[in-house]
Amino acid sequence: MKEALQFYINGQWVDPATPKTLEVVNPATEEPCATISMGSEADLDKAVAAAKAAFPAWSATSREDRVKIFEKIIEVYQTRYDEIAETISTEMGAPIWLAKAAQAATGLAHFQTNMEVLKNYAFEETRGTTQIVKEPIGVCGFITPWNWPVNQIVCKVAPALAAGCTMVLKPSEVAPMNAIILAEILHEAGVPAGVFNLVNGDGPSVGAPLSAHKDVDMVSFTGSTRAGILVAKAAADTVKRVTQELGGKSPNIILEDADLEKAVAGGIQGVMMNSGQSCNAPTRMFVPASKNDEAKAIAKAAAEQVKVGDPFTDGTTIGPVVSEVQYNKIQDLIQKGIDEGATLLTGGVGRPDGLNKGYYVRPTVFADVTPDMTISREEIFGPVLSILSYETEDQAIEMANDTEYGLSSYVQSGDIEHARKVASKIRAGDVHLNGAGPDFNAPFGGYKQSGNGREWGEHGFEEFLETKAVLGYQAA
């Protein structure tokens, strides 16, 4: 059992204003693995005050000084890399291979990417007699989720640091220990006191007052659309900038000219990874009606190759989902798919055979799904795929866009020009063609109820800047 009973405020580890603890549960064992303190508005006020006091000096630091800090952060992060991966596996259930190859790796990648953006970014330009200047927005509040915890923390913290902002982080209380390690890394790397602050807690006690705080200039939230709406409402009274990365129900259109075996099997892998707990997972697969039976057979076989098990056991493909709450929600939605008449190809309710403890979910594939079914419309956030068939390409595009979400999307084709043409018609923040992986320089964010603003790379960096026009700067 690890303990993290203090918050990181103004460069020091400090006790909470009012003692209150929470046990962090290991989803593979259903046993506590850590204890944290839960913060209050009093703790948050201290953290915001520290960030506000630190802003004038940090925002005035040179590009070169910030780059040096980033170099040190990257160096220290690498010494804690395995510990970060092991912590993530323990507290949220990602297999250790995934935690090392992707979960911990994304945090490092965002620091490296933002350091390069910082080195090359033009903060000033002259247009005629006017000087246009990009300046740090100020004090930032970050509310982050549990599913890709370090990724979603660092894709906010890194650009904010690079831009010259100060910040207060409220990580998910479900998987908070990786954030504690990150605070230790930033401290060891020499990030000045008050620039980065961390207060653990839940949404009502810390997240809501952080969103509403008069001295917070910007709030960046990643999580459910329902919670994102609450954050935006809380922020509205102070007219602060709000960026959000919210839910998704991403379509995966397999075109007639695609390699069906490769496309369907790849789609299964994309859904199942991280136990389906990715907002951009390709959870709706569209296949030509003429190939529906073949696609079903491929999908069933591929899903049945997914090995569910302990995150630290060799050969495990996916671990448990993060909590009992999530497990029960996923079970209810799987049952809803059955009740509404979708064809269950494999999986179903209950734990996989041989697993009697832990929040393990059967890799589940539904076919003959229609657009009006609950499993086609709601974000399940588990290892569950819905297969829909289409008669024409236009119908596939129409169904793909028939969702309140618009975070990510996928197109598979044997002809890249064909894939590009379909991609241009998809209403989503990103489109992956033929299995293309992530790009840390590409903007990440969504259309519609998947959020607003962008993260990652230069686009994410610019969210933390204000634009000032200095007129008459140059003589006419």
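The values are calculated or read from the model by the stated rules, or taken from the named source; none is laboratory data. The structure presented is a predicted model; accordingly, all values stated were derived computationally and were not measured. We place every Cβ from the backbone using ideal geometry, glycine too, and count neighbours over all the protein chains shown. Surface areas here come from the heavy atoms of the whole protein model, side chains and all, with no ligands, DNA or RNA. Shrake-Rupley method; radii C 1.70, N 1.55, O 1.52, S 1.80 Å.
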- Obtain the nm distance between the two label points defined at residue 356 and residue 65 by a simple spin-label model: each point lies 7 Å from its Cα along the Cα-to-C-beta direction. 6.2
- Probe 1.4 Å, accessible area per residue of the stretch 210-255, Å²: 35
- Message: Classify the stretch 318-357 from the C-alpha gyration tensor, please: rounded if a/c falls under 1.5, else prolate or oblate depending on whether a/b exceeds b/c.
- Response: oblate
- Task: With label points built 7 Å along Cα→Cβ from the Cα atoms of residue 395 and residue 289, find their separation and express it in nm.
- Result: 0.4
- Item | At R0 = 51 Å, FRET efficiency that the Cβ-Cβ distance of residue 79 and residue 425 yields, to 0.05 | 0.60
- In this structure, the FRET efficiency calculated for residue 214 and residue 21 from their beta-carbon separation, with R0 = 22 Å, to the nearest 0.05, is 0.15
- Query: Taking Cα centroids, how far is the stretch 219-245 from the stretch 321-362 in Å?
  - Reply: 31
- State which helices in the chain qualify, where a helix is a whole DSSP H run, it must extend 24 Å or more along its own axis by its Cα atoms, and its mean Kyte-Doolittle hydropathy must be at least -1.0. 41-59, 63-79, 104-120
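Here are some pairs, 20/357; 68/119; 262/291; 425/448; which of them have Cα atoms lying more than 18 Å apart in this structure? Write out the running numbers ahead of the final one.
Values: 20/357 28 Å; 68/119 11 Å; 262/291 14 Å; 425/448 15 Å.
The answer is 20/357.
Explain nothing, just the number: dipole magnitude of the chain about its Cα centre with +1 on each Lys and Arg Cβ and -1 on each Asp and Glu Cβ, in debye rounded to the nearest 20. Can you show the working numbers first?
On the way: 40 positive and 61 negative charges, 163 e Å.
In debye, rounded to 20, the chain gives about 780.
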- For the chain, percent of DSSP beta bridges that are antiparallel (nearest 5) comes out at 40
- Query: Under 16 Å Cα-Cα from residue 421, which aspartates and glutamates qualify once same-chain neighbours fewer than 8 residues away are excluded?
  - Reply: 256, 257, 393, 394, 398, 430
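How would the chain be classified by its alpha-carbon gyration tensor: rounded, prolate or oblate, with rounded meaning a/c under 1.5 and the a/b versus b/c comparison settling the rest?
Values: a/c = 2.02, a/b = 1.37, b/c = 1.47.
Note, shape of the chain comes out oblate.
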- Message: As a test question: what accessible area, to the nearest 10 Å², does residue 213 have when a 1.4 Å probe is rolled over all protein chains in place?
- Response: 30
- Cα centroid separation, the stretch 406-468 to the stretch 164-211 (Å): 28
- Rounding to the nearest 20 debye, state how big the charge dipole of the stretch 66-134 is about its Cα centre with +1 on each Lys and Arg Cβ and -1 on each Asp and Glu Cβ. 320
- Per the rule of 0.36 nm per residue minus the C-alpha distance, extending residue 305 to residue 256 adds in nm 15.1 nm
- Note on the structure: Ranking 123, 16, 90 by how far each Cα lies towards the positive end of the charge dipole of the stretch 12-168 (+1 on Lys and Arg Cβ, -1 on Asp and Glu Cβ), the top one is 123
- Task: Check cross-link reach from residue 46 to the aspartates and glutamates: straight Cα distance under 14 Å, and skip same-chain residues fewer than eight apart.
- Result: 15, 215
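Express the accessible area of the stretch 1-142 per residue in Å², computed with a 1.4 Å probe while the remaining protein chains stay in the model. Before the final figure, lay out each step's value.
Values: 6180 Å² over 142 residues.
Per-residue value: 44 Å².
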- Message: Give the aspartates and glutamates reachable from residue 468 as a straight Cα distance under 14 Å; neighbours fewer than 8 places away on the same chain don't count.
- Response: 124, 125, 135
- Calculate one ³J(HN,Hα) per residue across the stretch 452-467 by plugging θ = phi - 60° into the Karplus curve 6.51 cos²θ - 1.76 cosθ + 1.60, and present them in order as whole Hz with x for glycine and proline. 8, x, 9, 10, 6, x, 5, 4, x, 4, 5, 5, 9, 10, 9, 10
- Query: How much of the accessible area of the chain, in percent, comes from carbon and sulfur atoms when a 1.4 Å probe is used?
  - Reply: 50
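As an exercise, use a Förster radius of 35 Å and the Cβ-Cβ distance of residue 224 and residue 471 to find the FRET efficiency, rounded to the nearest 0.05.
Values: r = 43 Å, r/R0 = 1.24.
So, using R0 = 35 Å, E works out to roughly 0.20.
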- Message: With the cut-off at 1.5 for a/c, could you classify the stretch 211-370 from its C-alpha gyration tensor as rounded, prolate or oblate?
- Response: prolate
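Quick one: length gained pulling residue 29 to residue 368 fully straight, 0.36 nm per residue minus the C-alpha distance? List each step's numbers first, then the result.
Details: separation 339, 0.36 × 339 = 122.04 nm, distance 3.53 nm.
That pair, residue 29 and residue 368, stretches by 118.5 nm at full extension.
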- Task: Calculate the dipole size of the stretch 119-196 relative to its Cα centre from +1 charges on Lys and Arg beta carbons and -1 charges on Asp and Glu beta carbons; express the result in debye to the nearest 20.
- Result: 180
- With the other protein chains left in place, how much accessible area per residue, in square angstrom, belongs to the stretch 304-458 at a 1.4 angstrom probe? 45
- Task: For residue 233 and residue 439, compute 0.36 nm times the residue count separating them, minus their Cα-Cα distance, and round to one decimal in nm.
- Result: 71.0 nm
